[in-house]
Amino acid sequence: MSEAFFTAQALAGAAGMPTTSLRVRARLEFFLPDAVEKSTGKGHLYPFSVLPLATQADLISRAVPGWVLTESGKGRPETPDETALRCAPRGAASVPAVKAAQPAPARVAAKPSAALVARDWQRECANARAVLVREVLYLSKYEKIAVSTAADRITNVILNRTADEGVTSINSMETLTRIAAKAVARKDGARLPSAQSLRRWCSIYKQHGGDSNAVAAVAALTPAAREAGDELPSWLPALLAAWQKPMKPALTTVLADLARDASLAEVPTPAQARYWLKKRLGAIAREDGRKTGNALLALQPYFKRDQSDIAPHAIWAADGHCFDAEMQHPETGGAVKPEITLIKDVGTLRIIGASMAQAESQYAILEAITAAAQSEGCLPSMFYTDNGAYRGALLTDESALGLFARYGMTHYTSIPCRPQGHGIIEAAHKILIRAARRFDSYMGKDMDPDAMHRFHRISRKDIRLLRKGAADGRVVKGKARARLPDADEVMANIRAEIDAYNDHPHRSLPKIRDASGIRRHMTPNECHAAWVVKGFEKFEVTPADLADMARPRIARRVARGTVTLGNNVYACRELAEFHGETVQVGYCTGDASRVWIYTHPDGRFICTAGFEENSQAFMPQTALDAAKAKRLAAQAKRLQAHADENAAERWAVTALAAPGTPDMDVIEALFERQKETVAVEDDMADVIELFEQKWG
């Protein structure tokens, strides 16, 4: 039976082989002396016998479908269930008859076949033994000598390192020695096979079919690996129960606790515990309990989401992040870490909107959406967020009040406590971290703790002094004052980082060749420009829509032409016919002077209602002004009369107190003046009575 030969290109992608022909040739360089040159063209043909066992099995399964290995390494027809499993399309559900094995807490695997569970060193050893066996059989056949004699001659060549013309087809003594050292299955490679070992390997090779059944024959030469027993130690459950805790106790602490437990018949030694935790248990089985939630998910397989076929503005993703640097509060002047909300276009990975707020809220998200809509002139078909403030009524209310319902956007949320599913926007937080590092007030986890404490102490001292009006621009201990950036500086740095990100190649985008001839990934802006050239449909919004978008809406009942929002009352005559009906009230968060009224639930504009527009003066303003002027004139007249009366009294007292007889002309003048200024006869009678008593 003639042996089959294969090119490197034919072997590329087979089991146990690289995916490119160049790497296949590099992998098979060890067996290059056994290869033959092509009859036409360049390159080599590699014989089937020198290929790794997994590659041989894959080639045979391709040539003879339905052939599988048995426990002994011989072939047998596959069962109907195995045929259905092999023929099932990729990604299809498993055949019900073939059930997937459940993961066990301990990594104790059975040994179904040497060809299926062989490790790399076992396969290399089996291939090396097969090379030596074929050399012995080749020499025995063509020299017409016994196999034992041929084995002795080849062993003599190997041990003595002396070339013997015609004994072996391997011309390089170094290559032959290296193959012989691998055949012994020792890590150090210090030993070489004896003639007895070669005879035994030749016997095993012949017993399993030889060249006529090369796969099974080579598999029979695979050395046995020392496998751990399937029996689990009695102390393993107690060890795992004490080890798998979220507090992450040290192994020494766990072993000390087990030693004090009187209910355990056997306690592991530190070496036994470390062996089972590091060698026998898998990463998930070992860390389950010590890690939970996202930390445990980080060790498990995952699926990547491909957004290459998503058009721009089909899906927007949004998330908020607490800025890692302090800034000056716009109102109080104190230190605050703002909440930055970013909006990212999933199709092009461009960041298209950002907003700043003191904390995550519906209004901050609404401001970010409005900013993105203003910059792009459109809205998405789908909005993808987490389960935070994005579920507020101002955004998600389905009764035509929420923003998503008003503009027909579909809102999707990620699985709670699973940030991996929201990673496309979570990764954008690196932009905010880079922007925060530009300020001295940076407070990230990688900031030097002493420098952060020094800045915190100086900045708080300056804030206290500034509030007292005594430290504007002062110098503290010879160094510049620890200045907090304002909101404009922070947003300017964030926008600069966003622009740099949108113009930087992204490895999740397709590759292009730029003007300089360098092949690289596209930038988000280049990806968007490519979609513009290709053409895509987007939901455009008008300036009126943009203005309306920034006004949250809330349902209120009309009462006699007025609606109430908080403690404010807004009125308009057009609301008279809507008495007792529910309407939508749109309001501006920064201007409480008016509101916009819409019908409910279709959202047709009715009117603009002003603050307390239905209130008026209790009396006409002109009548009030006239009454006020009359009252002021009367009050002035009364005050002047009192002043004249007081002056007359002071003059009379002065005259009466003078010695001698008073001048009657003066007294009569006093009476006349008093009579003109005060229309009270009683006062004049009192003065006359006073004169009669003094001079009568």
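Structural remarks
- Taking each residue as 0.36 nm, the span from ARG604 to ARG638 lengthens on full extension beyond its C-alpha to C-alpha distance by 6.0 nm.
- Over the stretch 178-263, equivalent-ellipsoid semi-axes from the Cα gyration tensor in Å: 48, 17, 12
- Set of the stretch 328-350 residues, backbone N closer than 17 Å to the point 7 Å along the Cα-Cβ line of ASP503: 350
- Projected label distance in nm at ALA496 and TYR412, using a 7 Å step from Cα toward the beta-carbon: 3.7 nm
- Rounded FRET efficiency, nearest 0.05, which uses the C-beta distance separating ALA359 from ARG191 and R0 of 51 Å: 0.10
- Simple spin-label estimate for THR269 and SER375 in nanometres, 7 Å along Cα-Cβ: 6.5 nm
- Flagged links, alpha-carbon separation over 26 Å, of LYS430/LYS461; LYS344/LYS534; LYS187/LYS278; LYS144/LYS182; LYS278/LYS445; LYS248/LYS279: LYS430/LYS461; LYS144/LYS182; LYS278/LYS445
- Computed FRET value (nearest 0.05) for LEU465 with LEU565, which takes r as the C-beta separation and R₀ as 51 Å: 0.80
- Restriction of the trypsin sites (Lys or Arg not before Pro) in the stretch 555-593 to DSSP coil positions whose beta-carbon has at most 12 other beta-carbons within 10 angstrom yields ARG560.
- The label point for ASN525 and the one for ASN614, both projected 7 Å from the Cα toward the Cβ, are 5.5 nm apart.
- Computed E for ALA547/ASP625 - FRET, C-beta separation, R0 30 angstrom, nearest 0.05: 0.15
- Our coupling estimate for the stretch 305-321, obtained by passing each phi through the Karplus curve with A = 6.51, B = -1.76, C = 1.60 and θ = phi - 60°, is 8, 9, 10, 5, 9, 8, 6, x, 6, 7, 9, 10, 10, 9, 6, x, 9 Hz, Gly and Pro reported as x.
- Ranked by the mean number of other Cβ atoms within 10 Å per residue, highest first, peptides 213-219, 378-384, 136-142 order as 213-219, 378-384, 136-142.
- For the listed peptides 503-512, 417-426, a ranking on the average number of other beta carbons within 10 Å per residue, highest first, reads 417-426, 503-512.
- Extension gain, THR149 to SER234, is 25.2 nm, computed as 0.36 nm per intervening residue step minus the present C-alpha separation.
- Rounded accessible area per residue of the stretch 514-613, 1.4 Å, Å²: 58 Å²
- Among 282-294, 631-643, 191-203, sorting by the average number of other beta carbon atoms lying within 10 angstrom of each residue, highest first, gives 191-203, 282-294, 631-643.
- Cα centroid of the stretch 220-288 to Cα centroid of the stretch 480-559, whole Å: 52 Å
The values are calculated or read from the model by the stated rules, or taken from the named source; none is laboratory data. Nothing here was measured: the structure is a model prediction, and the numbers come from that model. Ideal geometry is used to build each Cβ from the backbone, glycine not excepted, and the neighbour counts take in all protein chains shown. Just so you know, the surface numbers come from the protein's heavy atoms only, side chains and all, with ligands and any DNA or RNA stripped out. Shrake-Rupley method; radii C 1.70, N 1.55, O 1.52, S 1.80 Å.
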